[in-house]
Amino acid sequence: MRLSFRCLPELVGHVPEPVPARAGFPDWLKAVPSVVASEFLGGAQVRTLKHCPPLIDALALGVMFRLAADLHVADGEISWDWSPPVAEGARQTRSPIGLHVPEQATGVPFGLPDGQFVVKFTNFWTVEAPEGVSLLFTHPLNREDLPFRTLAGLVDCDRYRDGFVHFPAIWRDTGFSGCLPAGTPVAQAFPIRREALDLDIRAMDRSELDRHMQVQDGLQDDPGLYRKSFRAPRDR
């Protein structure tokens, strides 16, 4: 599936390009050990989440949008020192981050502290998807290390292909202080075909139950069975 991204001509080379999510695995994943001793199992060695293909595949899925400039956070204030080229006549902000006033989040259960603004990461790229395809924009999956949480939204990017989709987020870690560097992932996007779902819900029949038991027994005997037998090849 082809997705097309465009920025204003003056910003080429000045804003981070969207990248395949698989190109930017977090540093903490690289540092996670493969096996560790479990005190709950008497010191027995157990495999870590590094051996969980569904978690790894979620990190690698779709497209990652990245922060345009360094953000400096101190005493609850966010600042930046970034001056991209001016695009004459363009109506796009030159700020890497904006906000929604607290009243715009009235009644929503997002854990927004009283009086806190909802931040909004600026996206400098339009996105065009094939006919019938929408994009789900959400917080980078499994990235609880980030001090914010991007809110999810679905956009029909086959139709809304010439405008910018920005990323509202709750700043969860109010004690965070320091620099959030340019290039930090702020949103992950997944193309989704707009098709009606047809749900088939019932109890397993005899053959389905037999196949289920074979899979369960196989996973018990070979912890790598899912990766080797049930996971589609990935283009890394």
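Bear in mind that the values in this text are calculations on the coordinates, not laboratory data. Keep in mind that what you see is a predicted model, and the values were worked out from it rather than measured. Don't worry about glycine lacking a Cβ; one is built from the backbone with ideal geometry, like all the others, and counts go over all protein chains shown.
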(message) I'd like the FRET efficiency for His51 and Ala23, computed as 1/(1 + (r/R0)^6) with the beta carbon distance as r and R0 of 30 Å, rounded to 0.05.
(response) 0.85
(message) Using C-alpha positions alone, give me the convex hull volume of the chain per residue in cubic angstrom.
(response) 207
(request) Determine ³J(HN,Hα), in whole Hz, for all residues of the stretch 219-232 in sequence, where each value follows from phi through the Karplus function 6.51 cos²θ - 1.76 cosθ + 1.60 and θ = phi - 60°; x replaces Gly and Pro. (result) 5, 5, 7, 9, x, x, 5, 4, 4, 7, 10, 10, 9, 5
(request) Specify whether the C-alpha gyration tensor of the stretch 91-136 places it in the rounded, prolate or oblate class, a ≥ b ≥ c being the square roots of the eigenvalues: rounded for a/c under 1.5, otherwise prolate if a/b is larger than b/c and oblate if not. (result) oblate
(message) Using the basic label-point model (7 angstrom from Cα toward the beta carbon), what is the Phe117 to Leu219 distance in nanometres?
(response) 4.6
(request) Treat each spin label as a single point 7 Å out from the Cα along the C-beta direction, and report the Arg234 to Val32 distance in nm. (result) 1.1
(message) Which of rounded, prolate or oblate describes the stretch 41-178 when judged by the alpha-carbon gyration tensor and an a/c cut-off of 1.5?
(response) oblate
(message) Run the simple label-point estimate for Thr106 and Arg91 please: 7 Å along Cα→C-beta, distance reported in nm.
(response) 2.7
